[in-house]
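This report refers to the structure that appears directly beneath it.
What follows draws every value from the coordinates through simple rules; no lab data is involved. Only a predicted model underlies this, so the values are computations on that prediction, with no experimental measurement involved. A quick note on method: Cβ atoms are made from the backbone with ideal geometry, for glycine too, and the neighbour counts reach across all protein chains shown.
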């Protein structure tokens, strides 16, 4: 794991919000509106999008990708290491946009938002959204902001799914898609982890059919869901290095069932921290959107190669060697299908022990390729 | 995987390769290194190029040039590439470094209509003399490594390669020879005098 020196930051930023004028028809067939989108921008827009980079967040992310809310010294945005002056997404050169996804819980319309006619939260009645729906909302936001193209759309994990979806849904709008630690479709193993996470939430007695707003929340269920997530984000090697078999605050076994091992208190900490900021209904939606995501099925009648035929952008695919949630072989599958179509694809596997979290931790290796790929794409766009 | 580099520092085999490749064709460069050949082919011949390499630093160099490049181990084959999906497949100074050169040549001519292959000639007189006189594994500018550090796992001569092609119904359509830092179309006794070759292969 490398710690990048991050001297420069975009500084204090604000989350903005935009309400879309018209309702949108979702993949599930329902119509949803009005939709409010929370977003942040960094840098200066040129030429309606010639230097615009859309950042798509992963399951638990938000629009707050870089900089600080309030005074510096607070926790920065989730991809602070990669976004800012002189960083991979260099805000001196690029106009970076980051928005919260549809169905999320950090400002964009989601299950905790009020249903227009009653003013009560949507709760479980919020439509099951897809990655395509998230992208559709982002496109509507960019239209409203006056952009007519994107130099790049980038994201890791679920964010990478959005980047890929962008390139397929709006091929003429996107100059490049940066698909990081992601996949064209989840494996059964990854769906299984999501299913267990959802079961944990659904079986919490406080879940109450999703109607828990203003009451006790399904904190235990959501915390356990998050713990499962964290296990899958790390790797055997990373866990061994981070915790080993160390006991926390004691040197001998207690012969009881309290938390003893360091790894237990780590997971517990991650779980209880998470329930303070994330909505269980959104967690259900995000995991389901990932499970449903399958570009071969959505765009190619089951064939990955056929699906990618419609793509017009450059594609950068990055995988991480120890990622077992979005394993490198799935990135290779995507790359092979792009090769079969003679698309402009660049693929690199970053050697890392950090597991799926590598996309947030291996900043230096990642920045080296992102910076070059973006600069070359910008050169092509200017030519 | 270094290209042939002459004493003047020029990439001597590149000129011949660039010359042979038809404008606007599809080119796959296996072991593309820093991408300088592909870049020239794109700029001068307007080819649609794809690079393959395993070294992350090479990938970075290619990405910087705006080339398409994928990381892959050539020893794992070319399964991802369709039959006759490229006009030319370039294998520059790489064939003596893969585990099974015979499989690679078969695969290359499955994927490409033509193959452009360059390799050092272990039959060069100075290497023969070096082995005879010094009694040690010879080195030169194309084969600069100590035996225990060398990525070159096959040593063969130009005539070996010709025999290999004849036995496998592979036609050598064109051949140029590296001699004294220059690429020559004609060279007497090339198996003795050339330091390396670049050949255009087809079925």
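Take every residue in peptide B:64-74, count the Cβ atoms of other chains within 10 Å of its Cβ, and give the average of those counts.
Mean shielding count: 6.
Quick one: compute the contact order of chain B, relative version, from alpha carbon pairs under 8 angstrom and 6+ residues apart, as a percent.
After rounding, I find 20 percent.
Pairing the Cα long axis of helix B:125-134 with the longest principal axis of chain B, what angle in degrees results, from 0 to 90 and rounded to the nearest 10?
50
Quick check: residue separation of residue A:30 and residue A:128 times 0.36 nm, minus the Cα distance between them. What number comes out in nm?
Net length gain for the segment: 34.4 nm.
Simple spin-label model, 7 Å along Cα-to-Cβ: residue A:329 to residue B:132 in nm?
5.3
Compute the acute angle (0 to 90°) between the alpha-carbon long axis of helix B:36-45 and the principal axis of greatest extent of the alpha-carbon atoms of chain B; round to the nearest 10°.
That helix lies at roughly 60 degrees to the long axis.
What is the ratio of the Cα radius of gyration of segment B:12-202 to 2.2 N^0.38 Å, with N the residue count, to two decimals?
The value comes to 1.01.
Please list, by residue number, everything in segment A:241-259 whose backbone N is under 20 Å from a paramagnetic label point 7 Å out along Cα→Cβ of residue A:205.
Under cut-off, by backbone N: nothing.
Can you work out the PRE-style zone for residue A:342? Point 7 Å along Cα to Cβ, and I want the residues of segment B:72-99 with backbone N under 18 Å.
Residues B:80-90 fall inside that zone.
Give me the one-decimal nm value for the distance between modelled label points at residue B:165 and residue B:203, 7 Å along each residue's Cα-to-Cβ direction.
Placing both labels 7 Å along Cα→Cβ, they lie 1.7 nm apart.
Which whole-number percent gives the relative contact order of chain A, counting Cα pairs below 8 Å spaced six or more residues apart?
18
Share of antiparallel DSSP beta bridges in the protein assembly as shown, in percent to the nearest 5?
40
When DSSP beta bridges are limited to those with both residues in chain B, what percentage is antiparallel, rounded to the nearest 5?
Approximately 50 percent, going by the DSSP bridge assignments.
What order do you get for A:325, B:192 when you list them from fewest to most C-beta neighbours inside 10 Å?
B:192, A:325
Over every pair of different alpha-carbon atoms in segment A:192-284, take the mean of 1/r and invert it; report that Kirkwood radius in Å.
The answer is 14.3 Å.
Give the order of A:230, A:206 when sorted by the count of other beta carbons within 10 angstrom, beginning with the fewest.
In order of increasing Cβ crowding within 10 Å: A:206, A:230.
Let's test the formula: R0 of 22 Å, r as the Cβ-Cβ distance of residue B:140 and residue B:100. What FRET efficiency results, to the nearest 0.05?
The formula returns an efficiency of 0.30 here.
One-quarter of the Cα convex hull surface for segment A:182-225, in nm²?
Value for segment A:182-225: 3.8 nm².
Give me the angle, in degrees from 0 to 90, between the Cα long axis of helix B:158-167 and the longest principal axis of the Cα atoms of chain B, rounded to the nearest 10.
Compared with the principal axis, the helix lies near 60 degrees.
How do A:276, A:25 rank when sorted from fewest to most other Cβ atoms within 10 Å of their own Cβ?
Arranged by neighbour count, lowest to highest, A:276, A:25 become A:276, A:25.
Computed FRET efficiency, Cβ-Cβ of residue A:242 and residue A:303, R0 41 Å: what is it to the nearest 0.05?
After rounding to 0.05, the efficiency reads 0.50.
Quick one, can you get me the convex hull of the C-alpha atoms of segment A:1-151 expressed as volume per residue in Å³?
Convex hull of Cα atoms, per residue: 124 Å³.
Cut-off 10 angstrom, C-alpha nodes, Gaussian network model of chain B. Which of B:149, B:182, B:84 fluctuates the most?
B:149
Efficiency by 1/(1 + (r/R0)^6): what FRET value for residue A:272 and residue A:69, r their Cβ-Cβ distance, R0 = 22 Å, to the nearest 0.05?
E(calc), rounded to 0.05, equals 0.50.
Across the residues of A:332-340, average count of Cβ atoms on other protein chains within 10 Å?
Other-chain Cβ atoms within 10 Å of each residue's Cβ, averaged: 4.
Can you give me the P(r) profile for chain A? Cα pairs, bins 20 angstrom wide beginning at 0, each as a whole percent.
So the P(r) values, bin by bin, are 28, 60, 11, 0.
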